[in-house]
1. Check off (1) within 17 Å of Val72 (Cβ to Cβ); (2) touching a residue at least 24 places away in the same chain (Cβ under 8 Å) for Glu6 and give me the number that stays unchecked.
2. Got a number for residues in region 38-47 being under 16 Å from Leu76 (Cβ atoms) and either open to solvent by 30 Å² or more (accessible area, probe 1.4 Å) or free of Cβ contacts under 8 Å to residues at least 40 places away in the same chain (or both)?
3. Name every residue in region 1-36 that is of a type outside the set (D, E, K, R), open to solvent by 60 Å² or more (accessible area, probe 1.4 Å) and either part of a strand (DSSP E or B) or in contact with a Phe, Trp or Tyr (Cβ under 8 Å, 6 or more places away or on another chain) (or both), in order of residue number.
4. Taking the conditions exactly as written (open to solvent by less than 30 Å² (accessible area, probe 1.4 Å), polar (S, T, N, Q) and modelled with pLDDT of 90 or more), does Ser51 satisfy them or not?
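The values are calculated or read from the model by the stated rules, or taken from the named source; none is laboratory data. This structure is a prediction, so every number in the text was calculated from the model and none was measured. So basically every Cβ, Gly included, is an ideal-geometry build from the backbone, and we count neighbours across all protein chains shown. Each accessible area value is taken on the protein alone, full model and side chains, heavy atoms only, with ligands, DNA and RNA left out. Shrake-Rupley method; radii C 1.70, N 1.55, O 1.52, S 1.80 Å.
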Amino acid sequence: MDGAGETFCFVLVTAGADLLDWSILDALSEAGRGDATIGHDTLEFTRSAASRDQALCSALRDVESVAGVPVVRIELGEGWAERAWRAHSSNPA
């Protein structure tokens, strides 16, 4: 993954696999999803690329290279983890 360019936030929604299963987590890690927050069926990315298309395509390629983890939907914009972090950062205890 090239670090040049803008940073894009998006969520890939999967079906058919529990992404929190250790074997799937290991496979996703090896596939290069280090810039994603993982839920049971979602991967929330904050990925740097020259364009949104490049960011999406590289994330899709990384995730779908793992057997049994098909992406069924893409949600553009901030995900829940990014919104929660921003809210926490702007409202320190």
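1. Failed condition: (1).
2. Here is the first cut: in region 38-47, the residues under 16 Å from Leu76 (Cβ atoms) are 42-47.
In the following step, the residues that additionally are either open to solvent by 30 Å² or more (accessible area, probe 1.4 Å) or free of Cβ contacts under 8 Å to residues at least 40 places away in the same chain (or both) were identified as 42-46.
Residues meeting the conditions: 5.
3. The answer is Thr7, and nothing else.
4. On the way: open to solvent by less than 30 Å² (accessible area, probe 1.4 Å): no; polar (S, T, N, Q): yes; modelled with pLDDT of 90 or more: yes.
No: the conditions fail for Ser51.
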